[in-house]
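Contents: one structure, followed by commentary.
The values are calculated or read from the model by the stated rules, or taken from the named source; none is laboratory data. These figures come from a predicted structure and were not determined experimentally. Cβ: placed from backbone, ideal geometry, glycine included. Neighbour counts: every protein chain shown. Note: areas computed on protein heavy atoms with side chains; ligands, DNA, RNA excluded. Shrake-Rupley method; radii C 1.70, N 1.55, O 1.52, S 1.80 Å.
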There are 2 protein chains.
Amino acid sequence: MKFDILKKDEGSRARAGSIHTDHGIIETPIFMPVGTIGTVKGIHQKELEDVINADIILGNTYHLYLRPGIDIINKAGGLHKFISWDRPILTDSGGYQVYSLSNNRKIKEEGVMFSSHIDGSKHFFSPEKAIDIQKNIGADIIMAFDECTPYPCEYNYAKRSMHMTHRWLDRCMVHMKKTEGLYGYEQCLAPIVQGSVYKDLRKQSAEYIASKDADINAIGGLSVGEPHEDLYAMTEIVTDILPEDKPRYLMGVGTPANLLESIALGIDMFDCVLPTRNARHGLIYTNEGVINIKNSKWAEDFSPLDPELGIETSTRFTKAYVRHLFQVKELLGPQITSLHNLSFFLKLVREARTRIIDGTFVEWKNQMVVKLQTRL
Amino acid sequence: MKFDILKKDEGSRARAGSIHTDHGIIETPIFMPVGTIGTVKGIHQKELEDVINADIILGNTYHLYLRPGIDIINKAGGLHKFISWDRPILTDSGGYQVYSLSNNRKIKEEGVMFSSHIDGSKHFFSPEKAIDIQKNIGADIIMAFDECTPYPCEYNYAKRSMHMTHRWLDRCMVHMKKTEGLYGYEQCLAPIVQGSVYKDLRKQSAEYIASKDADINAIGGLSVGEPHEDLYAMTEIVTDILPEDKPRYLMGVGTPANLLESIALGIDMFDCVLPTRNARHGLIYTNEGVINIKNSKWAEDFSPLDPELGIETSTRFTKAYVRHLFQVKELLGPQITSLHNLSFFLKLVREARTRIIDGTFVEWKNQMVVKLQTRL
């Protein structure tokens, strides 16, 4: 996996680059739509390709492991073939959902025992198991198995957890080398910086991760409820330490404003359920601010949903129509808003990339973050 | 509204024709997807145009009247503009849903008093009101206000009801002429034959309707639970009487086999929720028979959903993948199967048309009805 930096911004740490994978090029900064259980909710694969223009999508290891199960994905020839997606896929390690969704989870040095949130069946994830599963899924980018600490988190817990995450990383790296990829293309492992909201821990963790010389480095344990100042402060400390010549992935982030601010701090990759989850609740993002389409103020607004975005649905359909679809709980409502929001997120990072290249990023970013946080 | 018959089949009453409307040509025989509340469930308008190739869709007057309400549709400039659909629209009269969905309905000579199934609010539909609402909706084809008798239905009730439906038709026709269309294009009124499963009543009703010389004639009160033999027997009696030079619309029908048999009896237009409702339950139609995609037998079947249909999703995605989507209750499952089933229904009537034109309809139909009823 090769990372080329095309341009570094002079007014910030932002960079425009390209990650070369065996499934194609990812132009950075990039936002990765979350394809939880083998589908980006409400979106056809063709729409991801032709409308949203997603260079890469995410899969959730925990969900895919439980359903359809690794056996079926393996028999299909990997997740790309199973879901018919031939661009890159990144999978998380499964850890995050084990902590947030499953019952009776017990975290020990060896790994995590947990019960399925679906049928209560018992399962065990370890660093080695997480690598095996992700290799079988066939992710282009495999995430190290970590503990994502909650917020708030006591200092001593965060410190002990961080050290365990580092030891787990070493086990992941050893195990990663033991077996070949199953499907004939390169799969790389991305380690994750932890340390909660504590500067010294973040610094220590970033130094440890940097020392591993991985192809991609990730920052985890943020966007879990902490104030935005903490998110930015931790990101800044970490991007100062992580190698400049490798892509940096800020996990689970975030709002459009979060994206732009984090790009300015040197982040290259993002993922978040926000655009699709909020879309299903009728919240849409525009260049002028956020619209709650369920609001009665849109009931007789026959202007296009968002003519600026430049996608067919958002130009074609009016706010009044999309509001109606939500009022009557019709599937087409979330279909339209999900398509809209993901297109918006992708267009935003593409615009950031263009601005970095032409040297107008910071000025544009500072104007945009104000508008993006406006409620319409 | 003009109807051209291009070809009459020699081995049956089937015909291939074209209905000319101000919103474009409808090639018959045609299946009309049901766009209940201003949306064909789970389907983008662009998919209706480019993938399914629907010449016309339906709207339900009862649903649209309650939500978003006629006022908003009127302010939008009619349903075509409100939902962004510029091909023809047919609306039912609202009667069917009043009888099947609403509470406390009271049918009198003047009209029907009913309570909304949504909030219990009281409303009154009469022949005149049904015409006014449909004119405001802006349907190209307006259905007469009738009573759709249930099955089974006592002879005397069916007879009294049929006569009332005839009187209501007269009131619809008088009222239809009283006002101009609101949106500058032609709107035509289609009367409905009733008479339950009684031959003499069907004959009498068909003669009454035929005498009105309407642009389109419809057959209602079938596909409400009666045996298929009754459906076909009543259809045959009625098509024998309804004018040959006008399109005949069999309301609420039906399965793929029902469509082909009814085309052979001289029917030109169909609508039914079957393809979309069954799609949402994982039932898909193919040339080889019906597939319940939820069945465990498809769990590891990595062959395309249906390569013969020739639409991208059905060629691209495997049975195993679509089954998985239903297992995990993901939106994309019903999106794919709805697109599939509607494409299948439209392709089937298009093929019937081609067969009528080239003179191979009956032979093809007889082979198809066997295959179409196979369970795979």
*Hey, rough spin-label estimate for A:E308 and A:V370, points 7 angstrom out along Cα→Cβ, what's it come to in nanometres?*
1.4 nm
*Calculate for chain B the 222 nm mean residue ellipticity that helices alone would give, adding -39,500 (n - 2.57) per DSSP H run of length 4 or more and normalising by residue count, nearest 500 deg cm²/dmol.*
-12000 deg cm²/dmol
_Inter-chain shielding of A:333-341 (mean C-beta neighbours from other protein chains, 10 Å cut-off)_ = 2
*Placing +1 at every Lys and Arg Cβ and -1 at every Asp and Glu Cβ, with all other atoms neutral, what dipole size does segment A:273-376 have around its Cα centre, in debye to the nearest 20?*
340 debye
*Taking a label point 7 Å from Cα toward Cβ, how far is A:I5 from its twins in the other copies, in nm, shortest first?*
7.8
_Please give the Cα centre distance for segment A:192-225 versus segment B:112-142, rounded to the nearest Å._
62 Å
*asked:* Can you give me the % of accessible surface on segment B:273-376 that is carbon or sulfur? Probe 1.4 Å, all protein chains present, nothing else counted.
replied: 50 percent
_Furthest towards positive pole of dipole, A:G24, A:T61, A:Y198, structure part chain A, Cβ charges_ = A:T61
*Which distances, shortest first and in nm, link B:E351 to the matching position in the other copies, using label points set 7 Å out along Cα to C-beta?*
4.8
*Ranked from highest to lowest mean number of other Cβ atoms within 10 Å per residue, what is the order of the peptides B:150-163, B:75-88, A:265-278?*
A:265-278, B:75-88, B:150-163
_Inter-part distance where segment A:318-355 and segment B:61-111 are each reduced to a Cα centre, Å_ = 27 Å
*Mind telling me which of B:L189, B:L331, B:L309 comes out most flexible in a GNM of chain B, alpha-carbon contacts under 10 Å?*
B:L331
*Copy-to-copy spacing for B:N156, label 7 Å out on the Cα-to-C-beta vector, in nm, shortest first?*
8.9
*Approximate spin-label separation A:N287-A:Y232, in nm, with each point projected 7 Å along Cα-to-Cβ*: 2.4 nm
*For A:L182 and A:N103, FRET efficiency with R0 = 30 Å and r from the beta-carbon atoms, rounded to 0.05?*
0.45
*Between A:K2 and A:D86, with labels modelled 7 Å along Cα→Cβ, what's the label distance in nm to one decimal, could you check?*
2.1 nm
*Considering Cα pairs under 8 angstrom that are at least six residues apart, work out the relative contact order of segment A:34-147 and quote it in whole percent.*
26 percent
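Rounded to the nearest 0.05, what FRET efficiency do A:H163 and B:K329 give with R0 = 60 Å and r taken as the Cβ-Cβ distance? Could you check?
0.90
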